[in-house]
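Notes follow once the structure below has been shown.
The values are calculated or read from the model by the stated rules, or taken from the named source; none is laboratory data. Quick caveat: nothing in here was measured; it's all calculated off a predicted structure. Here Cβ is always computed from backbone atoms with ideal geometry, including for glycine, and neighbour counts include all displayed protein chains.
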Amino acid sequence: MFSTKNPEINSILKELLSRMQEEFGAKLIGLYLYGSLVWGDFDFDISDIDLLAVLTSDITEKEVISLNKLHETFVSDYKEWSDRIEVQYVSTNALKTFKSSVNIMAVISPGEPLHRVDYVEEYLMNFYFVQEQGEALYGPDPKMFIQSISKQDFLDTIIIDARKWRTHIENAKYSRPYQGFAIMTLCRAFYTFTYGQQVSKRKAAEWVKTNYPQWTDLIDSAFIWRKLYREKVENPEDTYPEAKKFVDFMIEKIIS
């Protein structure tokens, strides 16, 4: 089992894996860690835990109900991880055919409760991260399960995802932490599109600040807003126009 440099995180991952194994039994054949815990700059106060759980078959509606209770109980026991765990529960068949056929998977992510989705291709970027940098908490090499994803497929998806932020940013009008998240995410999307590799949000933001210093103050503020996500913020709509302006600026850099 892969171990991070943080013993507390390792304990949490081990416990979450144990609960998943109890839930699924032999149906769970792999659990893979990706994101900032793998490529660096994990912030214990605000970063998410990103996981891909591989199943022998599609998740059922009954399992979604039971799995939702698992996640609710887990964050009740570990309150500091409430709304900070992202997992895709996907079958081996879906991972092999997601580019060409409709499949079912279940997803839980920050701001999004556990639910089933049938447009698995939308998660190509996540699968690519696991393919390229994923670490096994349980199971064999993840490349055994994932239909090969080229770098061009990955870059094309970044463009598609960037365009979606024209709409997504509207959800941030009354949430300053989400404005911060949007700013940080677009910094990383632009860096990744430019260099073809994924880095931490912090490294990408520093790169954007160096190349576009006019956005330095806003980017610095974004990290503060994100870090204080549990605190009540007055008038978050006051900073929304500048955040939206930055997101639109980044989108144009990516798609032009």
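Can you tell me which condition VAL233 does not meet? The list is (1) in contact (Cβ under 8 Å) with a residue 24 or more places away in the chain; (2) surrounded by 18 or more Cβ atoms within 10 Å (Cβ to Cβ), and all the others hold.
Of (1) in contact (Cβ under 8 Å) with a residue 24 or more places away in the chain; (2) surrounded by 18 or more Cβ atoms within 10 Å (Cβ to Cβ), only one is false for VAL233: (2).
Being among the hydrophobic types (A, V, I, L, M, F, W, C) and under 21 Å from MET105 (Cα atoms): is that true of ILE183 here? Show your work before the answer.
Working: among the hydrophobic types (A, V, I, L, M, F, W, C): yes; under 21 Å from MET105 (Cα atoms): no.
For ILE183, the condition - among the hydrophobic types (A, V, I, L, M, F, W, C) and under 21 Å from MET105 (Cα atoms) - is not met.
Those residues that are farther than 16 Å from TYR229 by Cβ and of a type in the set (Gly, Ala, Ser), I need them from segment 37-94; list them, please.
Hits for segment 37-94 are GLY40, ALA53, SER57, SER66, SER76, SER91, ALA94.
Here is a list of conditions, (1) within 25 Å of MET125 (Cα to Cα); (2) touching a residue at least 12 places away in the same chain (Cβ under 8 Å); (3) part of a helix (DSSP H, G or I), and PHE44 meets all of them except one; can you say which number that is?
(3)
Here is a check on your reading of the model: is ILE169 out of contact with any strand residue (DSSP E or B) (no Cβ under 7 Å at 6 or more places or on another chain), in a helix (DSSP H, G or I) and without any contact (Cβ under 8 Å) to a residue 12 or more places away in the chain?
Details: out of contact with any strand residue (DSSP E or B) (no Cβ under 7 Å at 6 or more places or on another chain): yes; in a helix (DSSP H, G or I): yes; without any contact (Cβ under 8 Å) to a residue 12 or more places away in the chain: no.
Here the answer is no, as ILE169 does not meet what is asked.
Here are some residues: ASN93, ASN126, ASN103. Which one is touching a residue at least 24 places away in the same chain (Cβ under 8 Å), in the same structural domain as TYR34 (by TED's automatic domain parsing) and part of a loop (DSSP other than H, G, I, E, B)? It would help to see each step written out before you state the result.
Details: ASN93 fails: part of a loop (DSSP other than H, G, I, E, B); ASN126 fails: part of a loop (DSSP other than H, G, I, E, B).
Being touching a residue at least 24 places away in the same chain (Cβ under 8 Å), in the same structural domain as TYR34 (by TED's automatic domain parsing) and part of a loop (DSSP other than H, G, I, E, B) holds for just one of ASN93, ASN126, ASN103, which is ASN103.
So, of the residues in segment 83-119 that are among the polar types (S, T, N, Q) and within 15 Å of the chain's Cα centre (by Cα), which turns out to be modelled with the highest pLDDT?
Within segment 83-119, the subset among the polar types (S, T, N, Q) is 88, 91-93, 97, 100-101, 103, 109.
Of the ones still in play, those that are also within 15 Å of the chain's Cα centre (by Cα) are 88, 109.
On the way: GLN88: 97, SER109: 91.
Among those that are among the polar types (S, T, N, Q) and within 15 Å of the chain's Cα centre (by Cα), it is GLN88.
Since LYS245 meets every condition but one in (1) under 18 Å from GLU170 (Cα atoms); (2) charged (D, E, K, R); (3) touching a residue at least 60 places away in the same chain (Cβ under 8 Å), which condition does it not meet?
Condition (3) is where LYS245 drops out.
Only one of these is out of contact with any Asp or Glu (no Cβ under 8 Å at 6 or more places or on another chain), acidic (Asp, Glu), surrounded by 13 or more Cβ atoms within 10 Å (Cβ to Cβ) and at pLDDT 95 or above: GLU206, GLU170. Name it. Spell out the reasoning first.
Details: GLU170 fails: surrounded by 13 or more Cβ atoms within 10 Å (Cβ to Cβ).
Result: GLU206 is the single residue among GLU206, GLU170 that is out of contact with any Asp or Glu (no Cβ under 8 Å at 6 or more places or on another chain), acidic (Asp, Glu), surrounded by 13 or more Cβ atoms within 10 Å (Cβ to Cβ) and at pLDDT 95 or above.
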